[in-house]
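Some notes on the structure that comes next.
The values are calculated or read from the model by the stated rules, or taken from the named source; none is laboratory data. In this text the structure is predicted, and so the values were computed from the model without any measurement. Don't worry about glycine lacking a Cβ; one is built from the backbone with ideal geometry, like all the others, and counts go over all protein chains shown. Heads up: the accessible areas ignore ligands, DNA and RNA and are worked out on the full protein's heavy atoms, side chains in. Shrake-Rupley method; radii C 1.70, N 1.55, O 1.52, S 1.80 Å.
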Amino acid sequence: MTSKASREGTSRVRKARQDGVETREAILAAAEAEFAEKGFELASAREICRRARANSALMNRYFGSKEALYRLVAKRLFGDLGAPLARLHEKAVDEKSWRAAVSEWVDDMLFMTLPTEKAQKLCAGLFRHEVTSPTKFHAEFKESFGRPVYEGLKKLLAMKVKDDEQLDLWASSIWAQVSVYALADRKWHDSFRPEGLDNRAWAEKVRDHICEQVFLAAKNAKGTKEAK
């Protein structure tokens with residue numbers, strides 16, 4: 001039969017573990033907000049700890065350094081939101097599913113970069129800082145997160161575009177159109193968005209406009225083929 005002291009000891013261990021998980025997540029959430037708002041260089045470890053209501057010793061214990069914490073934040077924001085985009089081409093098996101996949105790619109990118117929800121807003125902020133003020137991790141992030149998403153788009157477009165030069169033009173054009181929204185701040189979005197539309201509704205209209213041009217070009221341009 002388990003003694004009272006043993007049960008109390010087990011309870012304390014479980015509580016300590018739970019407290020540790022909650023503290024770690026609090027630090028991560030605080031770091032996401034701090035890095036998204038200020039970028040890596042201007043972000044403060046002290047401010048991250050203040051936001052998380054944790055001390056610096058715990059931050060060092062769980063993450064080791066500001067650099068390691070930044071890498072983990074980037075993986076959570078870029079990786080979790082971007083990974084599905086890299087695999088969308090797997091859904092395209094005919095003309096209808098190809099169009100649906102293209103629309104989904106554009107929609108997800110716009111949804112990820114427009115400040116519509118917290119996770120997307122944080123991702124957009126981090127993306128904006130990395131593009132406008134690249135850190136020493138920029139090349140690493142580009143290869144780990146940016147390139148797979150871009151190559152996924154090219155694989156999707158390659159189902160229609162035969163010419164390699166045209167394929168590069170198509171991919172870079174679509175990428176540029178959706179990325180510009182991530183590089184703009186909230187005031188820029190608000191100043192150009194029509195009155196009466198929220199970010200989500202406006203993103204849908206932008207998506208439809210981009211896709212309409214892509215589908216029209218695919219239908220009329222040389223060097224394209226029907227998706228199988």
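Observations on the structure shown:
- Some residue of the stretch 73-96 being open to solvent by less than 20 Å² (accessible area, probe 1.4 Å) and over 13 Å from the mean Cα position of the chain (by Cα): yes
- Verdict on Arg207 being touching a Ser or Thr at 6+ places or on another chain (Cβ under 8 Å), of a type in the set (D, E, K, R) and modelled with pLDDT of 85 or more: yes
- Residue check for Asp108: modelled with pLDDT under 85 and surrounded by fewer than 18 Cβ atoms within 10 Å (Cβ to Cβ): no
- Candidates Lys160, Lys219, Lys187, Lys205: the one that is surrounded by fewer than 17 Cβ atoms within 10 Å (Cβ to Cβ) and under 21 Å from Lys96 (Cβ atoms) is Lys219.
- Of all residues in the stretch 52-64, those that are at positive phi have Cβ atoms under 9 Å from Cβ atoms of residues that are outside any loop (DSSP other than H, G, I, E, B) and open to solvent by 20 Å² or more (accessible area, probe 1.4 Å), 6 or more apart or on another chain, in Arg53/Thr23; Arg53/Ala26.
- Residues satisfying the stated conditions in the stretch 31-44, i.e. free of Cβ contacts under 8 Å to residues at least 24 places away in the same chain, in a helix (DSSP H, G or I) and open to solvent by 10 Å² or more (accessible area, probe 1.4 Å): Leu42
- Looking only at the stretch 168-179, and only at residues there that are within 21 Å of Asp107 (Cβ to Cβ) and among the aliphatic types (A, V, I, L, M), the one that is most open to solvent (accessible area, probe 1.4 Å): Ala176
- Among the residues listed as Ala124, Ala139, Ala101, the single one being in contact with a helix residue (DSSP H, G or I) (Cβ under 6 Å, 6 or more places away or on another chain), at pLDDT 85 or above and outside any loop (DSSP other than H, G, I, E, B): Ala101
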